[in-house]
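The block underneath contains the structure these notes are about, expressed in structure tokens.
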Amino acid sequence: MRTLRRTLLGTIAAIALVPGGCDGLWYHVEDDCEFMLTCEEYRGRGSEAAPSGCVPSEIEGAAEDTCGIFVASSGNDDNAGTRAEPVATLAEALRRAEEQGRGVYACAETFTEAIELPAGAKLFGGLDCANGWTWIGETAKTVVAPGEEGIVLTVLRGEGAVRIEDVSVRATDARAPGASSIAVLVDGATAELARCELIAGNGADGAEGEDAPSEASAQASPGNAGTNACSDVDGTPGPDTTLSGGAQVVNECSGGLSIGGGGGDGNVLNGTGGDIGTPVSAGNGSGGLGESGDGWNCNVGGTNGGAGVGDNGARGDAGVAASGLGALSSSGYTGVSGRAGEPGKPGQGGGGGGGAKGGAAICPGAMPGAGASGGSGGPGGCGGLPGQGGGAGGASIALASVEGKVTLKDCVLKAGDGGKGGAGGDLQPGGSGGLGGAGGIGVGGSKHACAGGHGGQGGNGGPGGGGLGGPSFAIAYRGEAVKQEGQTMLQPGTPGAGGPGGSNNVAANAGVEGTAAAEQQLP
């Protein structure tokens, strides 16, 4: 009856006045919601079902113009949106359909655009536009394939169920480092997909972790030399009775200070010991004892005048390798990157050399004077910088549901391969320690003072951890599992390999391989 009225009165719909209608008053036919199929019971928005006679797969022939907006690649977005004058883009058809509460009817052609479906949208594909817009969805689909990376079809959250029939959504391979290929993402919406194909491309490989500089930092400055015996260091006549040891030398590193111990003083009756190098390490970097009796020697690390060499700094810990599944959000998939390594520790400064004693009548003119003073230790080298973590490989996901309620009927979902995890960054070797300062020279039978100990080498930085391999999921969901009806088929691809750790995986901290599954719940 509604079809007959539409046929008889369609040419005068804009001007005729007839009684009755939704409100029982006289009105223009264009305002008749029952006549025009715009009453709430016929609206696609907010209802599981489309208006009777407006579901192409359930009727003979074609849906009427009043059912919704028609779209063909040969159309024009300025057209009326009817079968005779279709619009050209799905985006324009969806915009008008949302305003009018009606469905979208698409030719079984390819549309090179990514689209967003609002809550309550109805998208019917698989129509033969060359033969009266009849349904051929079992043999030909409407293809949505923008050819650019990114999510192809997004169902937006809101009130009202979304219905999609006879559409093939095809995501291209991702190209940006760590990017994912996702065909359809349902963001907190209720959606039913019937006889659809969701095909994802390959995820992109993860970004490489940034390398630390390949060359070690500059060698630390040397220690300061001691003073020769019988020197006049303050400008007064005659030799001094105390000669100060070489001053300590400080190396400022990002991981802290390394200080070469000051040299021991030279005196008339005895020399003093040198200072220990810092940061302190047990047993090494000790200062040499000053000359006060028998057994004086300047052997390195000796029990008397000789100073100890500073210990090498501790190497930085390697970055933790990436593991886990990754996570889903409204923006898509986020993988797990490897962690950066830790910087190496500075080397210990060398100890200061011991000072010598002088005595009476050892200086020119038979004058008493101080013995030679010890050289200061060289500071330790700075620790190496760490490598940064490798990025996660991108995912390949045919359908991602984030807190959605999704039902699949007779659909085919196919994922591509996950991207490889990125390699961790290479470490920087630690810098060399400074040489010890020379000891002062004895005269008139007094002994030479001792040199300072060399500073220890800085520890190597830690290599970066490898990134997680990208996963491959036909369905990935957060929240409620996706319902499957009929002959729905799920086909995952191959997961990406984990990225190796930095510096040729010297610390065995490669990222974990990705996961492949037909269905996978994610956080």
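Bear in mind these aren't lab numbers, they're just calculated from the coordinates by the rules spelled out. In this text, all values refer to a predicted model and were calculated from it rather than measured experimentally. In this analysis, Cβ positions are derived from the backbone assuming ideal geometry, glycine residues included, and neighbour counts consider all displayed protein chains.
Over segment 361-471, what is the relative contact order in percent, taking alpha-carbon pairs closer than 8 angstrom and at least six residues apart?
Relative contact order, segment 361-471: 45 percent.
With N residues in segment 306-360, what two-decimal value do you get for its Cα radius of gyration over 2.2 N^0.38 Å?
Its radius of gyration relative to the 2.2 N^0.38 Å reference: 2.49.
So how do TYR333, TYR105, TYR477 line up by other beta-carbon neighbours within 10 Å, fewest first?
Sorted ascending by nearby Cβ count, the order is TYR477, TYR333, TYR105.
Take every Cα pair under 8 Å in segment 82-136 that's 6+ residues apart, average their separations, divide by the length, and report that relative contact order as a whole percent.
Computed value for segment 82-136: 33 percent relative contact order.
With the contact rule set at Cα under 8 Å and sequence spacing of 6 or more, what percent relative contact order holds for the chain?
So the answer I get is 14 percent.
Packing-wise, with mean Cβ within 10 Å as the measure, how do 264-270, 325-331, 159-165 rank, highest first?
Most protected by this proxy first, the peptides run 264-270, 159-165, 325-331.
Go through GLY384, ALA189, GLY458 and say which Cα lies farthest out towards the positive end of the charge dipole of the chain; charges sit on Cβ, +1 for Lys and Arg, -1 for Asp and Glu.
My answer, from the dipole projection, is GLY458.
For the chain, give the magnitude of the charge dipole about the Cα centre (Cβ charges: +1 Lys/Arg, -1 Asp/Glu; no others), in debye to the nearest 20.
Around 1280 debye, computed over the chain.
Taking the Cα atoms only, what angle lies between the long axis of helix 90-100 and the longest principal axis of the chain, rounded to 10 degrees?
Helix 90-100 and the main axis of the chain meet at about 60 degrees.
Which order, highest average first, do 68-74, 208-214, 245-251, 495-501 follow once you tally other Cβ atoms within 10 Å for each residue and take the mean per peptide?
495-501, 245-251, 68-74, 208-214
Projected area of segment 107-213, taken from the Cα convex hull and averaged over every viewing direction, in nm²?
8.0
If you average the alpha carbon positions of segment 81-121 and of segment 479-504, how far apart do those two centres end up, in angstrom?
31
Name the residue from GLY422, LEU408, ALA476 whose Cα lies farthest towards the positive end of the charge dipole of segment 357-482, charges +1 on Cβ of Lys and Arg and -1 on Cβ of Asp and Glu.
Final value for the positive-end residue is GLY422.
Under 5 Å between amide hydrogens, which residues at least 5 positions from VAL143 or on another chain qualify, with H placed 1.01 Å from N in the peptide plane?
Under 5 Å from the amide H of VAL143 lie the amide H atoms of GLU109, THR110, PHE111, SER168, each far enough along the sequence or on another chain.
Assuming 0.692 mPa s and 37 °C, estimate D for the chain with Stokes-Einstein, Rh taken as the Kirkwood radius over Cα pairs, in µm²/s.
Here the translational diffusion coefficient equals 115 µm²/s.
Set the Förster distance to 22 Å, then compute FRET efficiency between LEU156 and SER73 from the Cβ-Cβ distance, nearest 0.05.
0.35
Can you give the net charge of the other residues whose Cβ lies under 12 Å from the Cβ of GLU208, counting K and R as +1 and D and E as -1?
Value of the local net charge: -3.
Based on the mean of other beta carbon atoms within 10 Å per residue, what is the order of 89-102, 194-207, most packed first?
194-207, 89-102
Calculate one ³J(HN,Hα) per residue across segment 371-378 by plugging θ = phi - 60° into the Karplus curve 6.51 cos²θ - 1.76 cosθ + 1.60, and present them in order as whole Hz with x for glycine and proline.
Karplus values, whole Hz, x for Gly and Pro: x, 5, 9, x, x, 7, x, x.
Provide the convex hull volume over Cα atoms per residue for segment 293-395, in Å³.
Once divided by residue count, the hull of segment 293-395 is 137 Å³.
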